[in-house]
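Below is one structure, written out as structure tokens; comments come after it.
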Amino acid sequence: MSLESQVSEWRRFVISAPALNGHDVDELEDHLRHQIADLNAAGLSDDEAFMVAVKRMGDLDAVSREFAREHSDRLWKQLLGPGDKASAAPSGWVEALVVACVAAVAMELARIVADFPDKSPPWFTRNASLFVLPLLAGYFAGYFARRRRLWN
Amino acid sequence: MRVDKDLMAASATPLVLAILAEGESYGYAILKQVRGLSKGELEWSDGMLYPLLHRLGRLGYVTTDWRTPAGGRRRRYYAITDAGRTALADHQRQWAVVTRTLTSALPMFGDFTTASGGA
């Protein structure tokens, strides 16, 4: 892979970081290219120079956090996280649907077991909540854990 | 020698301001000067310099503008302001107090401002 395509790939990766705008990435790219040129001059190959320059740039998450701290006006972007925002809503619905189905099956099971064998004490019916509540609790625990993660 | 993170963060602002007090500059050149001045003993993550420079801009310590040098790429330059020079002088006084105090508190190290690596 040529140095140019490596740099543009790096740029595509960096621009996906929350809290970094195009100007920031221009500035970081200028820095990266300088560093690569200096390392080239010191005798490193394009590949080696690129690797060292990227490593020296540091952890992108940490750098992005620093940018976010400085540019709090861009903080809302952090809430979306580095992933694709479009995927968040559907996965939430799918999860809710799965929980609902499992809960329905659990209730149905409890009813069947309670009716059979005949005249057995309706222990399962009386304790249906025992089967359903953990599922709901699990769903909401997951839901709030996700929300918390977004805010941190 | 590895310099503690907090110490590095505390010294970054006066160091950058001091470099800019010598004349306007841009990110990569500033970082090279830090490496040179510390003889490679202060190793920053390069990327961290930029949020710092932007903070100095927000505080009014530096001004910034994009220019394209002849035959080069468009680049962002930083220049120190009067407020920046005042802040630098203040930092200098604070660091003088800290180094003076440490030097008298740690007599076994002698003048620790000249101590190197091994300590």
Residue-ordered couplings for the range A:48-64, obtained by feeding phi - 60° into the Karplus form 6.51 cos²θ - 1.76 cosθ + 1.60 and rounding to whole Hz (Gly and Pro as x), are 4, 4, 4, 4, 5, 4, 5, 5, 5, 4, x, 5, 4, 4, 5, 5, 4
Neighbour-count order for A:S64, B:S104, B:S11, fewest beta carbons within 10 angstrom listed first
B:S104, B:S11, A:S64
Per-residue average of other protein chain Cβ atoms inside 10 Å, peptide B:67-73 -> 1
For B:V62, the residues 5 or more places away or on another chain with a placed amide H closer than 5 Å to its own amide H are B:G57, B:T81
Taking A:V98, B:V34, B:V16 and counting other C-beta atoms within 10 Å, the order from fewest to most
A:V98, B:V34, B:V16
Give the average, rounded to an integer, of partner chain Cβ atoms located within 10 angstrom of each Cβ in A:18-28.
3
Counting other Cβ atoms within 10 Å of each Cβ, which trypsin sites (Lys or Arg not before Pro) in the range B:1-74 have at most 13 and sit in a DSSP loop?
B:R2, B:K39, B:R73, B:R74
List every DSSP H helix in chain B whose Cα atoms extend 27 Å or more along the helix's own long axis and whose mean Kyte-Doolittle hydropathy is at least -1.0.
B:82-105
Inter-chain shielding metric for A:32-43, i.e. average beta-carbon neighbours from other chains within 10 angstrom, reads 2
For B:Y61, B:Y26, order by how many other beta-carbon atoms lie within 10 Å, fewest first:
B:Y26, B:Y61
Non-local residues with an amide H under 5 Å from the amide H of B:R75, with H modelled 1.01 Å from N and Pro and chain starts lacking one, are B:R67, B:T68
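Bear in mind that the values in this text are calculations on the coordinates, not laboratory data. Please read these numbers as outputs of a predicted model, since none were measured by experiment. In this analysis, Cβ positions are derived from the backbone assuming ideal geometry, glycine residues included, and neighbour counts consider all displayed protein chains.
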